[in-house]
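These notes concern the structure reproduced below.
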Amino acid sequence: MRVMNFNAGPATLPLPALERAKDEMLDFAGSGMSVMEHSHRGKEYEAVHHEASALLRELLGVPASYDVLFLQGGASMQFAQIPMNFLAQGKVGEYVVNGTWGEKAVGEGKVTTALLGGAVHVAASTGTGDGKEKSYTRASKQAELAFAKPDAGETAYLHFTSNETIHGIEYGTHPDVPLLSAPASPDAPAGVPLICDMSSDFLWRKVDVSPYAFIYAGAQKNIGPSGVLVVLAQKDFVARGRKDLPKIFQYRTAAENDSLYNTPPTFGIYLVRNVLAWVKDKGGLAWVEAQNRAKAKALYGAIDGHGGFYRCPVEASSRSVMNVVFRLPSEALEDKFVAEAKKHQMVGIKGHRSVGGIRVSTYNAVPLEWVSALADFMKQFAKDNG
Ligand SMILES: *Cc1c(COP(=O)(O)O)cnc(C)c1O
């Protein structure tokens, strides 16, 4: 029996996408072998590869001036590969830090620039405390950005994380969050290429891709298994990358070769195709967004409805639709909550080890019924233990 899996990533996958893989496992498209056993240069695999990128383009409305790339190395590799490509000597990469993933991007950027030139600068951070682990309770606001170099020509990009998976902090739950459009304040010169780590909130709703120079997302949160990383990047921006890097680290290599320069993670991309086909089949991103908003409403409603018992540390305007974090009155009660939820077939809700508490991830593949069941469980648990 399948359990109600609220894991943060790798995360639950849509049952129809898995069943399709099961059905096609031994004999893919009448070829007498699985898709894993096909050459990545053969027509059977190539059809899957192109369908996956075509589905992404269709669902998100990706403009023709953008490349869709499938890479490896996860989002973590992008933390190094982005500054490698775009920070030549004298250029500054600006970073907005609202949690652990932003911190990691800055950390790898510093190492990379020490080796290859350029610099990274934190334009804004909402971290507080000076211990090993900073705490975060909200996203930075546009007015808080302060760039190292006022001249846009010297600023290579502005990098931010749209959803901090560990802290449950997301941009864009409000339509007017200004970072999602091109920077326009006096401190953030217009025309600075916007780079976004969208790993944990990619494809939960339709996003206008056009303000971004470069979007990247690890598949294992919302669109597939681990091992695949999706990039949507402006072709002009990719063309600006350094040319003196090993080919495998230049984004243009993947762009020029349709992500088939070397062997891609074929089975992972196949599963991404299955997930995207499922999204389309269900009614596309409008359906997905409505589901996700209903799930978030149910969970935050259960938290706020028992405000003395559950507490969400994130400011209301920055609460994540994908990763809902909350605390109980004591760690002992949190342990009991996790253990009792498990008895009800609800798993994957323990908070990240660095912050503790509870984290419920409600990616696209998590059905509303699971969340309703969890919300009911929360109400009962608060009554019994409050
Ligand atoms: C999970 C995650 C990462 C790291 O992804 P890997 O594929 O493990 O490298 C980076 N950024 C965000 C926002 C994430 O959620």
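The values are calculated or read from the model by the stated rules, or taken from the named source; none is laboratory data. All values reported here derive from a predicted model rather than from experimental measurement. Note that each Cβ is placed from the backbone with ideal geometry, even for glycine, and that neighbours are counted across all protein chains shown.
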Looking at segment 329-350, which of the residues that are assigned to a helix (DSSP H, G or I) and in contact with a helix residue (DSSP H, G or I) (Cβ under 8 Å, 6 or more places away or on another chain) is nearest to V371 (Cα to Cα)?
A341
Exactly one of A64, A80 is surrounded by fewer than 13 Cβ atoms within 10 Å (Cβ to Cβ), without any contact (Cβ under 8 Å) to a residue 40 or more places away in the chain and in the same structural domain as P264 (by TED's automatic domain parsing), and that residue is A64
Inter-residue pairs, beta-carbon under 6 Å, first polar (S, T, N, Q) and in segment 250-273, second in a helix (DSSP H, G or I) and surrounded by fewer than 19 Cβ atoms within 10 Å (Cβ to Cβ), 6+ apart:
T253/K247
List pairs: first residue in segment 103-116 and more than 16 Å from G90 (Cβ to Cβ), second residue within 16 Å of the ligand (Cβ to nearest atom) and acidic (D, E) anywhere in the structure, Cβ distance under 7 angstrom, at least six positions apart or on different chains.
A105/D197
Of the residues that sit in segment 220-251 and are within 16 Å of the ligand (Cβ to nearest atom), over 22 Å from G61 (Cβ atoms) and among the small types (G, A, S), which one is farthest from the chain's Cα centre (by Cα)?
G227
